[in-house]
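J.: Have a look at this one before I ask anything.
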Amino acid sequence: MSPAAVDSRPNTAHEAPAPARHLVLRLLGLAWRYRKKCLAVVFLNGFVAILGLVGFQLTGLGIDVLRKAVDPAAPAVRWPLGYAPPESWSLVAELSTVAVMMALMAVLSLAIKYWAAIVSAQLSQQIVIQLRTEVYDKLQRLSFRYFDDHDSSSLINRVAGDVQAIRQFVDGVVIKCLVVVITLAVCIVYMLRLNVGLTIACLATTPLLWWGAIWFARVSREQYLQASKLGDEMVRVLSENVQGIQVVKGFAAEKGQIERFAEANRQIVEHKFGIFWSLSLYQPIMGILTQINMLVLIGYGSYLTIRGELPLGTGLFVFANLLHEFANQVGHVTNIANSIQSSLTASERVFEILDAPLEVDSPASPQQPVQVRGEYVLEQVSFEYVPGKPVLKEINLRIGAGQMVGITGETGAGKTTLLALLTRFHDPTSGRILLDGVDLKAWDLPHLRRQIGMVFQESFLFSNTVSNNIAFGKPTATLDEIEFAARQAAAEEFISAMPGQYQNVVGEYGTNLSGGQKQRISLARALILRPPVLILDDATAAVDSETEHAIQQTLDRLRGERTVILVSSRVSTLRHADQIFVLNAGLLAETGNHQQLMQMHGHYFQMAQLQAWEQTLTEPEDSLPEDREASAWSNGQGATFPQMKGIRNV
Ligand SMILES: Nc1ncnc2c1ncn2[C@@H]1O[C@H](COP(=O)(O)OP(=O)(O)OP(=O)(O)O)[C@@H](O)[C@H]1O
Ligand SMILES: [Mg+2]
């Protein structure tokens, strides 16, 4: 499968792997932040390696003691540090001394290994937690455009999985490299002390081992990058299916979706096999090279021992063990190369988030107006999601402080986009937006957002209690405040009817609530903030006419106190507004209040006519009042712009 087929969404992240050197330097910088713990782990592991070598030496000593007892003509036993037991000691006493030393060494080694493991685990957790927090923090601050361009499953994978792989760079690469280097150095020094010629002969193949490790590192990098993308794709299929389970079942598409998931899984397995192939080929080749060293030792080493130039135990035996340890450590180089590749791939993906520019951010010296009135002025505002394709075109408008204004227009006209600019989720491509005479870009961003209560077009609730959902923006809110906000949002009645009332837990994404109920909780969540500006994006689309009427009364009460900007397609809602802005294909087509717009005989008039007409179709003949138009508007179930085109059901 081609990379393009793996991730068809625009994702600027992985077009070409970043230069490895740059990534390695940055990862080393990360390791440097944890240098104290890293050094402690290296030191402890190095100590364990040295104790291991001392263990070989003691075993060799035991062999030499035994050999001397069996064959008095054998070379004299070389006791360590020049210590030799008195002549009077029996063989058993000498061997027992060696055994006790070995046992002490083993206990010491065990204790240090345990200590090293604890410090290492602490280090790993510290890195993962800190890095994850940093990435998560950055994700919280990134602008919406970033999320538009990046697949959510890929982002989740980066926070959950890739951060672990980066941690591997510290403990699986940096620390391990240092431990390997120290152990190899100790081995080589030890071997050289025993016999220089034998050391050179046995290690002649080492350059080939290094070359092999570097080759493997090059080959596997691209493979790991591809494996990560396939992992993202699998998670995406999975999460889409879980979130869209209703659609899947409703369209009886389970079989197709199972196949899609199986295909994503199959591709991962196939790809991983590719990596295992390279690894499986590489490891035996490295194994053969180390075996050649052993053959050299058996030939040349035995010759030296027979000639009396190398003791059997503290010489040949120790040498064989050192060589074995040497091969062992070189074997780790494969794992290190492997870890380097996976952590480079992961770091590229994680650093991409950390480095992403904050398109929308507070200026260096932001303004924080204290008494916010809520007057918006838009001057020549245009906006493009995709360069060259304007969604809003040169919008000029003024929303007075304390006014209630309506925004309407066909689906896709740019209503939600306009609201996103008022809240500074995006910055205009050109033109400027002023709130209380101050350009939004000059505001302190969190301060600006605190002035605005927002009800989004798609109500998102957290899997938490109703009261915590309402108090989301004001965790300190009292129960009275929560209940008052719920009452204002016409949500009190249904909340009181629920089993746990305000303590009832809302399912994930609010799954156990109806669309209208979710909208009302979202409205209460905005109202509780008592913000100077309240923005509602089609916030009553899913409620019945009676509830809409109740919400309307709340909004009417806010008039004069707060600026209310509401997107709606219902004339019954819009007719209460002080001003209505009609958007058409990104242009501000009409402005005025209900009466003025009706006299214009434009888009708004057409919409009103259609809604009135549709109302006459749904009402029984004898209930029709004289003024059908007025009747239709007073009923929230009227038709909408989208219905005009048969697109959306309200
Ligand atoms: N994140 C995005 N990236 C690219 N284009 C987008 C994005 N969001 C919206 N658009 C496009 O911008 C245009 C305006 O979208 P917007 O959501 O503002 O419409 P709307 O008036 O709110 O429609 P509706 O009544 O259906 O909610 C549409 O053509 C839409 O396809
Ligand atoms: Mg919209």
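The values are calculated or read from the model by the stated rules, or taken from the named source; none is laboratory data. What you are looking at is a predicted structure, and each value in this text was computed from that prediction instead of being measured. When we count neighbours, we look across all protein chains shown, and the Cβ atoms used for this are built from the backbone with ideal geometry, even at glycine. Surface accessibility is based on the protein's heavy atoms, side chains included, excluding ligands, DNA and RNA. Shrake-Rupley method; radii C 1.70, N 1.55, O 1.52, S 1.80 Å.
J.: Report yes if some residue within the stretch 402-414 is open to solvent by 60 Å² or more (accessible area, probe 1.4 Å), in contact with a strand residue (DSSP E or B) (Cβ under 7 Å, 6 or more places away or on another chain) and either away from ligand 2 (no atom under 16 Å from the Cβ) or within 29 Å of Gln553 (Cβ to Cβ) (or both); otherwise report no.
T.: No, that holds for no residue.
Yes/no matrix, rows are residues, columns are (1) farther than 30 Å from Ala356 by Cβ; (2) surrounded by 14 or more Cβ atoms within 10 Å (Cβ to Cβ):
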site	(1), (2)
Tyr83	yes, no
Ser88	yes, no
Leu95	yes, yes
Leu110	yes, no
Leu123	no, yes
Gln126	no, yes
Leu131	no, yes
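J.: Examine the stretch 234-242 for a residue that is surrounded by fewer than 16 Cβ atoms within 10 Å (Cβ to Cβ), touching a helix residue (DSSP H, G or I) at 6+ places or on another chain (Cβ under 6 Å) and not hydrophobic (A, V, I, L, M, F, W, C), and state whether such a residue exists.
T.: Among the residues of the stretch 234-242, at least one is surrounded by fewer than 16 Cβ atoms within 10 Å (Cβ to Cβ), touching a helix residue (DSSP H, G or I) at 6+ places or on another chain (Cβ under 6 Å) and not hydrophobic (A, V, I, L, M, F, W, C), which makes the answer yes.
J.: Pairs please, first residue from the stretch 275-301 and assigned by TED's automatic domain parsing to the domain that holds Gly212, second anywhere and open to solvent by 90 Å² or more (accessible area, probe 1.4 Å) and not charged (D, E, K, R), Cβ atoms under 7 Å, 6+ apart in sequence or on different chains.
T.: Leu289/Leu208
Table: residues versus (1) part of a helix (DSSP H, G or I); (2) surrounded by fewer than 16 Cβ atoms within 10 Å (Cβ to Cβ).
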| site | (1), (2) |
| --- | --- |
| Ala252 | no, yes |
| Glu259 | yes, yes |
| His271 | yes, no |
| Gln291 | yes, yes |
| Val296 | yes, no |
| Leu310 | no, no |
| Gly313 | yes, no |
| Gln341 | yes, no |
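J.: For the stretch 398-415, give me each residue that is more than 10 Å from ligand 1 (Cβ to nearest atom) and in contact with a helix residue (DSSP H, G or I) (Cβ under 9 Å, 6 or more places away or on another chain).
T.: Ile399, Gly402, Met404, Gly406
J.: Just a yes or no: is a residue in the stretch 41-51 without any contact (Cβ under 8 Å) to a residue 60 or more places away in the chain and open to solvent by 70 Å² or more (accessible area, probe 1.4 Å)? Give the steps one after another, and end with the answer.
T.: Kept after step one, since they are without any contact (Cβ under 8 Å) to a residue 60 or more places away in the chain, are these residues of the stretch 41-51: 43.
When the remaining residues are screened for being open to solvent by 70 Å² or more (accessible area, probe 1.4 Å), the result is 43.
So far as the stretch 41-51 goes, yes, one or more of its residues are without any contact (Cβ under 8 Å) to a residue 60 or more places away in the chain and open to solvent by 70 Å² or more (accessible area, probe 1.4 Å).
Residues checked against (1) buried (at least 21 other Cβ atoms within 10 Å of the Cβ); (2) away from ligand 1 (no atom under 16 Å from the Cβ); (3) modelled with pLDDT under 90:
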| residue | (1), (2), (3) |
| --- | --- |
| Glu394 | no, no, no |
| Thr417 | no, no, no |
| Thr429 | no, no, no |
| Gly437 | no, yes, yes |
| Gly453 | yes, yes, yes |
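J.: Just name the residue that is nearest to ligand 2 (Cβ to nearest atom) out of those in the stretch 455-472 that are modelled with pLDDT of 85 or more and part of a loop (DSSP other than H, G, I, E, B).
T.: Step by step, filter the stretch 455-472, then rank; the result is Phe472.
J.: Being open to solvent by 30 Å² or more (accessible area, probe 1.4 Å), assigned to a helix (DSSP H, G or I), modelled with pLDDT under 85 and not β-branched (Val, Ile, Thr): is that true of Ala106 here?
T.: Judged against the criteria, Ala106 is not a match.
J.: I've got another one for you. Within the stretch 146-167, count every residue that is crowded, with 22+ Cβ neighbours inside 10 Å and farther than 17 Å from Ser239 by Cβ.
T.: Qualifying residue count, the stretch 146-167: 4.
J.: Working only within the stretch 346-373, note down all residues that are aliphatic (A, V, I, L, M) and buried (at least 17 other Cβ atoms within 10 Å of the Cβ).
T.: Ala346, Val350, Ile353, Ala356, Val360, Val372, listed by residue number.
J.: Within the stretch 554-595, count every residue that is without any contact (Cβ under 8 Å) to a residue 40 or more places away in the chain and not in a helix (DSSP H, G or I).
T.: Here the count works out to 3.
J.: Separate question: What is the residue count in the stretch 195-209 for residues that are surrounded by fewer than 19 Cβ atoms within 10 Å (Cβ to Cβ) and assigned to a helix (DSSP H, G or I)?
T.: Matching residues across the stretch 195-209 total 7.
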